[in-house]
Amino acid sequence: MAVDRSRLARDNRQICIQMERMANYYLAASDVTGVQAQMLLYILRHSETGVSVTDLHQISGYSKATISNLVKRLREKGYIRVEACEEDDRRRLLFSTEKGRRIQALLAASIREVENSLYRGLSAEELSTLDQLQKRMLQNLIMFQTQSHKEASAT
């Protein structure tokens, strides 16, 4: 039986959408969305050194404009603060605030609940295979992006 590759792509998109909805459901009691929670958790994990917008862009794949908007919202809500980088005045670093640290456990538990729901019923071997396949697909997309940038630079 042939696999419908278009359906696979649509299913991947739906998985992302449903994960986002589920995260938002678990975080409804707080004023943080699922994506904001992921970014805030990353900032919390790197609170010793700080995180730049570029760092968040690179680890998440979201555009810098989207990340800037997320940062703005987290700042307005009092979860993060921005400081100038000592080595480079043009660079700004993001740090969590005490308010951000207070909701860290809630954020982590909510994200964990989404992951538990998503991977329920999958064996360790299936998860390992899924991990390998996703990494290969991402590498394929990165290779395309790299190649298209090279072609654009050559013209």
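The values are calculated or read from the model by the stated rules, or taken from the named source; none is laboratory data. No experiment lies behind these values; they were computed from the predicted model shown. Glycine also receives a Cβ, built like all others from the backbone with ideal geometry; neighbour counts cover every protein chain displayed.
Tabulated data for the structure shown
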| item | result |
| --- | --- |
| Answer from ILE59, ILE17, ILE67 - the residue that is under 14 Å from the mean Cα position of the chain (by Cα), crowded, with 17+ Cβ neighbours inside 10 Å, not assigned by TED's automatic domain parsing to the domain that holds LEU141 and not in a loop (DSSP other than H, G, I, E, B) | ILE67 |
| Residue match in region 70-92 (condition: within 28 Å of GLN139 (Cβ to Cβ) and either acidic (Asp, Glu) or out of contact with any Phe, Trp or Tyr (no Cβ under 7 Å at 6 or more places or on another chain) (or both)) | yes |
| Any chance THR54 is surrounded by fewer than 14 Cβ atoms within 10 Å (Cβ to Cβ) and assigned to a helix (DSSP H, G or I) | yes |
| Any hit, region 33-41, residues being more than 14 Å from PHE95 (Cα to Cα) and assigned to a loop (DSSP other than H, G, I, E, B) | yes |
